[in-house]
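Contents: one structure, followed by commentary.
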Amino acid sequence: MATYVMFFGLTEQGVRNVKESPRRVQAAKESFQTMGVHVKEFYAVMGMAPYDTMFILEAPDDETVARAALGIASLGNVRTETVRAFTEDEYKRIAAGLP
């Protein structure tokens, strides 16, 4: 499974309903699980405008993560940005393959 970092920025709607955010985090974890995405970690972050929270994810492929991101963003409480993350072992293999 590939590793991804998905950043979440609260929308105006999300800020208005911020007290419900912990419940939404749990609902997102459950929804992602049904899509084949495993949430390894959740963090609230500061000093990373425009992001407020993030997930560390494992998923079989980019399309699965894109589907999860679109699904959660369609609810209107967050905007997302997702990046692929490579483990140390993956990074070593990539670097070893350089000419």
- Query: Expressed as an acute angle from 0 to 90° and rounded to the nearest 10, what is the orientation of the C-alpha long axis of helix 62-73 relative to the principal long axis of the chain?
  - Reply: 10 degrees
- the chain: calculated mean residue ellipticity at 222 nm from DSSP helix runs of at least 4, using -39500 (n - 2.57): -12000 deg cm²/dmol
- Query: Remind me, what semi-axes does the chain give for its equivalent ellipsoid, largest first in whole Å, using sqrt of 5 times each Cα gyration tensor eigenvalue?
  - Reply: 27, 15, 11
- Message: Quick check on the exposure proxy: order 25, 45, 37 from fewest to most C-beta atoms within 10 angstrom.
- Response: 45, 25, 37
- Message: Placing unit charges on C-beta atoms (Lys and Arg positive, Asp and Glu negative, everything else neutral), compute the dipole magnitude of the chain about its Cα centre in debye, rounded to 20.
- Response: 280 debye
- Task: State, to one decimal in nm, how far the label point of residue 96 lies from the label point of residue 25, with both points 7 Å from Cα in the Cβ direction.
- Result: 3.7 nm
- Based on other C-beta atoms within 10 Å, arrange 40, 29 from fewest to most. 40, 29
- Query: In a GNM of the chain with a 10 Å cut-off on Cα contacts, which of 34, 53, 82 has the highest mean-square fluctuation?
  - Reply: 34
- Query: Fully extended, how many nm does the chain gain between residue 56 and residue 16 (0.36 nm per residue separation, minus their Cα-Cα distance)?
  - Reply: 11.9 nm
- Item | residue 70 versus residue 5: modelled label distance in nm, points set 7 Å from Cα along the beta carbon direction | 2.5 nm
- Task: Report the label-to-label distance for residue 83 and residue 35 in nanometres (one decimal), using points 7 Å from each Cα along the Cα→Cβ vector.
- Result: 2.0 nm
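We did not get these values from a lab; they are worked out from the coordinates using the rules stated. All values reported here derive from a predicted model rather than from experimental measurement. Methodologically, a virtual Cβ is constructed for each residue, glycine included, from the backbone with ideal geometry; neighbour enumeration extends over all protein chains shown.
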